[in-house]
1. What number of residues within the stretch 1-20 are surrounded by 11 or more Cβ atoms within 10 Å (Cβ to Cβ) and small (Gly, Ala, Ser)?
2. What are the residues in the stretch 46-92 that are closer than 30 Å to residue 33 by Cα and among the aromatic types (Phe, Trp, Tyr), if any?
3. Could you tell me whether residue 58 is β-branched (Val, Ile, Thr) and in a helix (DSSP H, G or I)?
4. Could you please give the count of residues in the stretch 64-92 that are under 20 Å from residue 31 (Cα atoms) and surrounded by 13 or more Cβ atoms within 10 Å (Cβ to Cβ)?
5. For residue 18, are the conditions met, namely being among the β-branched types (Val, Ile, Thr), under 22 Å from residue 76 (Cβ atoms) and either in a helix (DSSP H, G or I) or modelled with pLDDT under 95 (or both)?
6. Name the residues in the stretch 21-48 that are charged (D, E, K, R) and loosely packed, with under 15 Cβ neighbours inside 10 Å, would you?
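The values are calculated or read from the model by the stated rules, or taken from the named source; none is laboratory data. Small disclaimer: the values here were computed from a predicted structure and weren't measured. All Cβ positions, glycine included, derive from the backbone under ideal geometry; neighbour counts span all protein chains shown.
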Amino acid sequence: MGSQYRDQDFIDKIRKRIIEIRKSKGIVQEDLVDRTGFNLKQIGNIERGISNTSISNIAAIAKALEVHPQELLDFDFDIPKYPPLRKDRKGK
């Protein structure tokens, strides 16, 4: 995985959770602007999945939505099955 790695599926799942929680609480994007200090374009880019936002920004959005960050990550996530670690393959 290079420095430009981007998991669009993961980004889309988080952005959908943000929108879902925001709307369920009656919070508009402008409220997120007020509560996070982000600008409206930045909020829009996050919600459209254009922005590969940082962990710190996810924390700020969770606070603005008054939820634990875990709620933004509450979705199905496929765990890949990797081959054994190098240390476990040694000598075999």
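1. So the answer is 0.
2. Within the stretch 46-92, 75, 77 meet the criteria.
3. Numbers: β-branched (Val, Ile, Thr): yes; in a helix (DSSP H, G or I): yes.
Yes.
4. Residues that pass the stated criteria total 6.
5. Details: among the β-branched types (Val, Ile, Thr): yes; under 22 Å from residue 76 (Cβ atoms): yes; either in a helix (DSSP H, G or I) or modelled with pLDDT under 95 (or both): yes.
For residue 18, the condition - among the β-branched types (Val, Ile, Thr), under 22 Å from residue 76 (Cβ atoms) and either in a helix (DSSP H, G or I) or modelled with pLDDT under 95 (or both) - is met.
6. 23, 25, 30, 34, 41, 48
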